[in-house]
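Written out below as structure tokens is the structure these notes cover.
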Amino acid sequence: MSILVIFLSSICVLLVGYMYFYVLPRPKIAAPTPIINSTKTPIITANYGENGTIFPTIALSISSPTPGNTAVPPTTTIAPQSGLSPEEFIRSYYSLINQRQYQTTFAMLSDSFKDRKHCCNPDGSYKFGPYEQWWDSVSEVTIISVDTRGWDNTSAKVVVMINYYMNDGRIVDSTHTFDLKSDPLMKSWLIE
């Protein structure tokens, strides 16, 4: 009888632990606060006493975060091109286009560019759909040349010769002149 009581009480402890660590809601962390990746893994073991009595034991293994092992909330955009020259920025932009990273490349456009080219949905947000549809019609972009025509701490002018390899088989040669502006908050350039 005492073995059954011990066994049932152990099961209750396991259930309470499970509910506490996995079922109950956790408080939300505010968006600007980095979330630290740590893992909580319950380890259930059985100890055997005299007469073959089973004593379940619960331990909680918590791995410590390592430097750089933090997650940024998905609402925060980190520009991958921080600290790049204007030429490197443009090359990064088209490389990300070829990788279909449209959310990232859309964030590389300034608000004034989006106001001119992608404005606006009824709710005031920018129209991402047409941007994505255009780039989905392009199989690949190849940069022929990038020429930086002027550059200081706040702005740059870049002339880019590119080939668009379209999904329908056409190859379109094009030359674009980009005005870039620095974004001190992101420590990056934006296409103006």
message: Six or more apart or on different chains, Cβ atoms under 6 Å: show the pairs whose first residue is in segment 165-180 and assigned by TED's automatic domain parsing to the domain that holds Ile144 and whose second is outside any strand (DSSP E or B) and polar (S, T, N, Q).
response: Asn167/Ser137
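For (1) touching a strand residue (DSSP E or B) at 6+ places or on another chain (Cβ under 8 Å); (2) surrounded by 12 or more Cβ atoms within 10 Å (Cβ to Cβ), each residue gets a yes or a no:
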{"residue": "Thr142", "(1), (2)": "yes, yes"}
{"residue": "Asp168", "(1), (2)": "no, no"}
{"residue": "Phe178", "(1), (2)": "yes, yes"}
{"residue": "Lys187", "(1), (2)": "no, yes"}
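The values are calculated or read from the model by the stated rules, or taken from the named source; none is laboratory data. Just so it is clear, the model here is predicted, and its values are computed rather than measured. Note that each Cβ is placed from the backbone with ideal geometry, even for glycine, and that neighbours are counted across all protein chains shown.
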